[in-house]
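What follows is one structure encoded as structure tokens, with my remarks underneath.
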Amino acid sequence: MNEKAALSAGLDRNLTALVFMIGHWQLKIGDPSLMGWFTVFSYYACGGLSLLYFFKARSRMHTTDRRFAIVMTGLLFFLGLIKNFNLLSAITEIGRLVAEKGGWIESRRLLQLALMSLVIFGLAIVFVCAAKKKSFVQLWKSHVPELVCLAYLFVFVLLRAISLHQYGVLLSREIFGIRVNWIAELAGIYALVIVLLARMFGKITSGWRR
């Protein structure tokens, strides 16, 4: 009976490892440091502020603006989860494992550059196609600050996921003991916080019905 229980426990552990481990990555808190937790909190706080902004102003917002506020809230919480559990490392590990399996590990820099070019090209196509739609034009006119902040954060996250060496070296540098990575990421988050606070206190009212 004990042998069966031990075997079952071992099988459960192996299954858990298969589900929650990708290469060297494991599903756990990605950065338990003070700045790591502060960045995660900042994403969630910004998402909560976005949700509060939606509930406060939805009666004065057009349908497109309401949908945008909901999507923005979801994206901010999603970015918080990515940071919380270091999901970018999982993507990086998948890329490394695929490169090793295919024998491309020596030329991974070229693959990273190609992937970055593909992402930029894809985003450009999406933007051009969306720009032809009236609803997007209206959204762009009403919410340029939010869109710029969100685009900045997503480009930041995508470049970190691609894991370019030069980009990683730049982010790991320090200015007066503060890592560039912290400055760059928190700047995007709190720029959006400022925009949302300005919306809530009526300093920016475009997109609202009078």
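The values are calculated or read from the model by the stated rules, or taken from the named source; none is laboratory data. Just so we're clear, the structure is a prediction, and the values are computed from it rather than from any experiment. Heads up, the Cβs are rebuilt from the backbone with ideal geometry, glycines too, and the neighbour counts pull from every protein chain shown.
Brief remarks on what is shown
- Of the residues L158, L170, the single one that is at pLDDT below 85, surrounded by fewer than 14 Cβ atoms within 10 Å (Cβ to Cβ) and part of a helix (DSSP H, G or I) is L170.
- L123 meets each of the listed conditions (1) surrounded by fewer than 15 Cβ atoms within 10 Å (Cβ to Cβ); (2) in contact with a helix residue (DSSP H, G or I) (Cβ under 6 Å, 6 or more places away or on another chain); (3) not acidic (D, E) apart from (2).
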